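Asks: Before I ask anything, let me first share the structure, which is written out below as structure tokens.
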Amino acid sequence: MSKKSPEWNRLDNAAKIFPSNTGKRDPKVFRFSCELYETVVPELLQQALDITIDYFPIFRSVMKKGLFWYYFEQSRLQPVVSPETRPICSPLYNPDYRTLLFEVTYFGRRINFEVFHALTDGTGAMQFLKMLVSQYLKLRYPDRELPSLDYDACTSQKGEDSFQKYYDPKTTAGKAKRVSAYQIKGSKEPEGRLNVIEGVLPVKALLDLAHQYHTTLTVLVAAVLIRSIGKQMATGDKRKPVVLDIPVNLRNYFDSETARNFFGVINVSYHFGERSGELDDIIEQVAKTMQEELTREKLSGIINDFIKIERNAVVRIVPLPLKDIVLRQAGRINQREATSSLSNIGRTNIPEALKPYIRLFDVICSTDRTQLCLCSCGELLTACFSSVFESTEIQKNFFRTFTELGISVEVASNDSFGAADTPEIARVNPLRFGNPNRDSKTERAERRLEKETKRQRKQTEKAGKKLQKTIAAEDKRKRKAEAKTIKHLEKSNRKQLKQRKKQEAKALKKLERAGKKQQ
């Protein structure tokens, strides 16, 4: 009897670019966390995960390479809850190992769900985490009638590729003008680590502030982020625009319950070299762009343009290794067209019965630049910056802008946050992601010492090479001067010898003439 082949699924359209562009600096992983009011019980969290994974069969897949595309293959691997010990948003996909593309960890009062972006997007990840947390709370408090946040969709709807469902070849997005955006520069964190800073702000105060500017919360935050980037730009850098790429949940525009990727991306730009740079002006520009781009027609055109590329007969027969090269190059081009990213997951609705147990939800994305993720729950909004840069100037500008506008901010980080001179920003204990016994300040000092030692070694090596080059140049100059001197002496000797011969010949002729006269 032949063994039954495992089920497999194609990657959705948005997921196809992620495997080719995954690297150490950006493993394309994002984290959704829930902070409870009490410490997590690992055994109960494992039981909750065993229940939840059965509602998301596509999440039990592993990713494999085909001849032309990557694909998902169903597995019997069982996800296991573990304490958080690895750096935040560590790589989950490894082509050499057959592993699940997500993991659930815990630390103190936090439950973390990290997932490879090829598997799902923010909405699917939040649905999984909400259900996991509700199942955990039901197990934690069995004597209380707590609701479970089930995903109200059938299995086929959860595994649906909504990009293919809403493909319409008659609609196109049109050719957008290519823009070379301003790129943030600076020293990067060692070993591909992320510098994570989380700000907690009151939702009501933010909404009131947005209404004062006659705009939405997303537009307000995007404008403040652009302004924060602009404040640290040099004058020469303002020749290029600041461009934010903003993922859009397409489920808000198309009827879909998929747990897989279903999002599009729009770009919002502001040119500090051509405009005033005032917050009111930035808000006006951002609002105008978002109003123009966030229509069903425009988003449908984006879907269709990507699907057309995927369905192109030439593209389909190109082998996967060549596709990887092309997709990596496309990823680099897209990177040059954006300065930063802003992802707003939106409001996380939970029943009143669960609010006494849940403080907040937050979202953090891996990135090879600086990215901001927003998520609100109840009365609190979390604004989480993830960045590869050591500098926190943009983050300080961002949170200080809100405190100057009368909004209270509570800041935490997985490292030192250079805002000690800002008393209006409340400081809480650092978010010690990973090993609870590690000392982040000591580790930071050790990394700085190691970096300084490495820098000095490089300077010494550079100085040694420069000295060797100088000595070699001096030797060459001396040899050249000696050769020139020798050549000059040889020429002078030849000239003197010629003159002596000429004089001797002349004297000899004179003697001959004198002898003839005597005869």
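The values are calculated or read from the model by the stated rules, or taken from the named source; none is laboratory data. Since the model is a prediction, treat every value here as computed from it, not as a measurement. Neighbour counts run over all protein chains shown; Cβ positions are idealised from the backbone, glycine included. Accessible surface areas use protein heavy atoms only, side chains included; no ligands, DNA or RNA. Shrake-Rupley method; radii C 1.70, N 1.55, O 1.52, S 1.80 Å.
Asks: Roll a 1.4 angstrom probe over the protein heavy atoms and tell me the percent of accessible area of region 28-165 that is carbon or sulfur.
Replies: Within region 28-165, the accessible surface is 50 percent carbon and sulfur.
Asks: Can you give the direction-averaged projected area of the convex hull of the alpha-carbon atoms in region 11-64, in nm²?
Replies: Projected over every direction and averaged, the Cα hull of region 11-64 covers 5.8 nm².
Asks: Relative contact order, percent, of the chain when contacts are C-alpha pairs under 8 Å separated by at least 6 residues?
Replies: The normalised contact order for the chain reaches 20 percent.
Asks: When all alpha-carbon pairs of region 1-155 are counted, what percent fall beyond 26 Å?
Replies: Value for region 1-155: 28 percent of Cα pairs lie more than 26 Å apart.
Asks: Taking only Cα atoms of the chain, what ratio of Rg to Rh do you get with Rh as the Kirkwood inverse-distance radius?
Replies: 1.25
Asks: Taking Cα centroids, how far is region 143-212 from region 340-400 in Å?
Replies: Spelled out, the Cα-based centre of one part sits 11 Å from the other.
Asks: Something else about it: With a 1.4 Å probe and every protein chain kept in, tell me what percent of the accessible surface of region 253-341 is carbon plus sulfur.
Replies: 53
Asks: Which angle from 0 to 90°, rounded to the nearest 10, does the C-alpha axis of helix 393-404 make with the longest principal axis of the chain?
Replies: Approximately 50 degrees, to the nearest ten.
Asks: When ranked by the protection proxy of mean other Cβ atoms within 10 Å per residue, highest first, what sequence do the peptides 279-292, 19-32, 495-508 form?
Replies: Ranking, from highest mean packing down: 19-32, 279-292, 495-508.
Asks: As a quick test, which of the pairs Lys288/Lys355; Lys323/Lys454; Lys188/Lys238; Lys469/Lys491; Lys16/Lys177; Lys177/Lys240 have an alpha carbon distance above 26 angstrom in this structure?
Replies: Lys288/Lys355; Lys323/Lys454; Lys469/Lys491
Asks: Per residue of the chain, what 222 nm ellipticity follows from adding -39500 (n - 2.57) for every DSSP H run with n ≥ 4, rounded to the nearest 500?
Replies: -13500 deg cm²/dmol
Asks: Related question: Relative to the longest principal Cα axis of the chain, at what angle does helix 296-311 sit, 0 to 90 degrees, rounded to 10?
Replies: Rounded to the nearest ten degrees, it is 60.
Asks: Loop-only trypsin sites (Lys or Arg not before Pro) in region 61-154, please: DSSP not H, G, I, E or B, and at most 11 other Cβ atoms within 10 Å.
Replies: Arg76, Arg144
Asks: Using only Cα atoms and rounding to the nearest 10 degrees, what angle (0 to 90) does helix 122-140 make with the longest principal axis of the chain?
Replies: For 122-140 against the chain, the angle is about 50 degrees.
Asks: Sort the following peptides by mean Cβ neighbour count (other Cβ atoms within 10 Å, averaged over residues), highest first: 470-481, 159-170.
Replies: With the highest mean Cβ count within 10 Å placed first, the list reads 159-170, 470-481.
Asks: What accessible area per residue, rounded to a whole number of Å², is obtained for the chain using a probe radius of 1.4 Å?
Replies: Per residue, the chain has 55 Å² of solvent-accessible surface.
Asks: When the Kirkwood radius is taken over all Cα pairs of region 334-398, what Stokes-Einstein diffusion coefficient follows at 37 °C and 0.692 mPa s, in µm²/s?
Replies: The calculation lands on 246 µm²/s.
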